[in-house]
Amino acid sequence: MAIDIDLSAWSLRGEVEYTFAEGTIIPGQGYLVVASDPAALRAWTGITNIVGPFSGRLNNSRGTLTLRDRNDRVM
């Protein structure tokens, strides 16, 4: 999107669980990485827009992941 998105109190649910901290913003035309080990990923890639850690585990063959806003609506 061309506008900034405020993910404060949004969450990922399903195979992994993560709630975005207050003040988490994705800038317009940007992206945000959610990692199980954000410090290790930052050190390995040099990318700074990484948050986490999440709990749970992603499955390569099946599973669900849902993004919910602060009002618990599926986005």
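The values are calculated or read from the model by the stated rules, or taken from the named source; none is laboratory data. Values in this document were obtained by computation on a predicted structure and should not be read as measured data. Here Cβ is always computed from backbone atoms with ideal geometry, including for glycine, and neighbour counts include all displayed protein chains. When the accessible area is computed, the model is the full protein with side chains, heavy atoms only, and any ligands, DNA or RNA have been set aside. Shrake-Rupley method; radii C 1.70, N 1.55, O 1.52, S 1.80 Å.
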Inset, instruction - Kindly indicate which of Asp69, Asp37 is in contact with a Phe, Trp or Tyr (Cβ under 9 Å, 6 or more places away or on another chain) and among the charged types (D, E, K, R). - result: Asp69
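Yes/no per residue for (1) surrounded by 10 or more Cβ atoms within 10 Å (Cβ to Cβ); (2) outside any loop (DSSP other than H, G, I, E, B); (3) touching a residue at least 24 places away in the same chain (Cβ under 8 Å):
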| residue | (1), (2), (3) |
| --- | --- |
| Ile3 | no, no, yes |
| Ala40 | yes, yes, no |
| Ile47 | yes, no, no |
| Gly63 | yes, no, yes |
Inset, instruction - Within the stretch 10-29, count every residue that is more than 13 Å from the chain's Cα centre (by Cα) and open to solvent by less than 50 Å² (accessible area, probe 1.4 Å). - result: 1
Inset, instruction - Go through the residues of the stretch 51-58 one by one and say whether even a single one is at pLDDT below 95, open to solvent by 60 Å² or more (accessible area, probe 1.4 Å), assigned to a loop (DSSP other than H, G, I, E, B) and touching a Gly at 6+ places or on another chain (Cβ under 7 Å). - result: no
